[in-house]
1. For region 28-71, give me each residue that is closer than 13 Å to Phe97 by Cβ and in contact with a Ser or Thr (Cβ under 8 Å, 6 or more places away or on another chain).
2. Among the residues of region 79-97, count how many are of a type outside the set (Lys, Arg) and surrounded by 13 or more Cβ atoms within 10 Å (Cβ to Cβ).
3. List pairs: first in region 89-107 and more than 12 Å from Asn71 (Cβ to Cβ), second modelled with pLDDT of 90 or more and surrounded by 15 or more Cβ atoms within 10 Å (Cβ to Cβ), Cβ under 6 Å, 6+ apart or cross-chain?
4. Of all residues in region 53-78, count the ones that are exposed (fewer than 12 other Cβ atoms within 10 Å of the Cβ) and of a type in the set (S, T, N, Q).
5. If you go through region 8-16 one residue at a time, do you hit one that is modelled with pLDDT under 90, touching a Gly at 6+ places or on another chain (Cβ under 6 Å) and either of a type in the set (Ser, Thr, Tyr) or not in a helix (DSSP H, G or I) (or both)?
6. Could you list all residues from region 89-102 that are at pLDDT 90 or above and at negative phi?
7. Can you name every residue in region 32-46 that is under 17 Å from Met95 (Cα atoms), of a type in the set (A, V, I, L, M) and outside any loop (DSSP other than H, G, I, E, B)?
8. Filtering region 87-109 down to residues that are hydrophobic (A, V, I, L, M, F, W, C) and assigned to a helix (DSSP H, G or I), which residue is farthest from Ile38 (Cα to Cα)?
Amino acid sequence: MEKIILFLFLIYCGMTYAQNETASPKTIYLLGGFASTITEADIAFAKEFNITYSEFGCVVPPNIKKYEKLNWKVFDALNVNFGNNWQSKMKTNAMGFDTWKRNQRNQKK
């Protein structure tokens, strides 16, 4: 039974990783866990700011920097289109958000 559960878990993780291999300019990539971390508030945020979320689940992508940089482009676009108001509503597990925000502060100095 344990082997079956482990096998199903690995299949789920692999499927989640494969789904995230296609990049979209309006997609924010998240580091998640076994269960989804997207809440009702996140769904409302996505609708309000016209973005989508994509979770990696339990597998951290080997090219994590690529997804952080893709997220930075989305964050920049959100700033241009909506100002800073969206930042306080952003998920903390959005890949690269903390670094992007820190860079924004440093550029203003």
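1. Result: Ile28, Tyr29, Leu30, Ile51, Tyr53, Glu68, Leu70.
2. Pass one, region 79-97, residues of a type outside the set (Lys, Arg): 79-88, 90, 92-97.
From what's left, surrounded by 13 or more Cβ atoms within 10 Å (Cβ to Cβ): 79, 82, 86-87, 90, 93-97.
The number of residues fulfilling the criteria is 10.
3. Sorted first by the residue in region 89-107, then by its partner, the pairs are Lys89/Phe45.
4. 1
5. Yes, the conditions are met somewhere in region 8-16.
6. Just the residues of region 89-102 that are at pLDDT 90 or above, to begin with: 89-90, 94-102.
Passing the criteria: Lys89, Met90, Ala94, Met95, Phe97, Asp98, Thr99, Trp100, Lys101, Arg102.
7. Ala46
8. Step one: list which residues in region 87-109 are hydrophobic (A, V, I, L, M, F, W, C), which gives 90, 94-95, 97, 100.
So of that shortlist, the ones also assigned to a helix (DSSP H, G or I) come out as 97, 100.
Numbers: Phe97: 16, Trp100: 21 Å.
It comes out as Trp100.
The values are calculated or read from the model by the stated rules, or taken from the named source; none is laboratory data. The model shown is predicted, which means the values in this text are computed figures rather than measured ones. Counting neighbours? That spans all protein chains shown, and the Cβs are built from the backbone with ideal geometry, glycine included.
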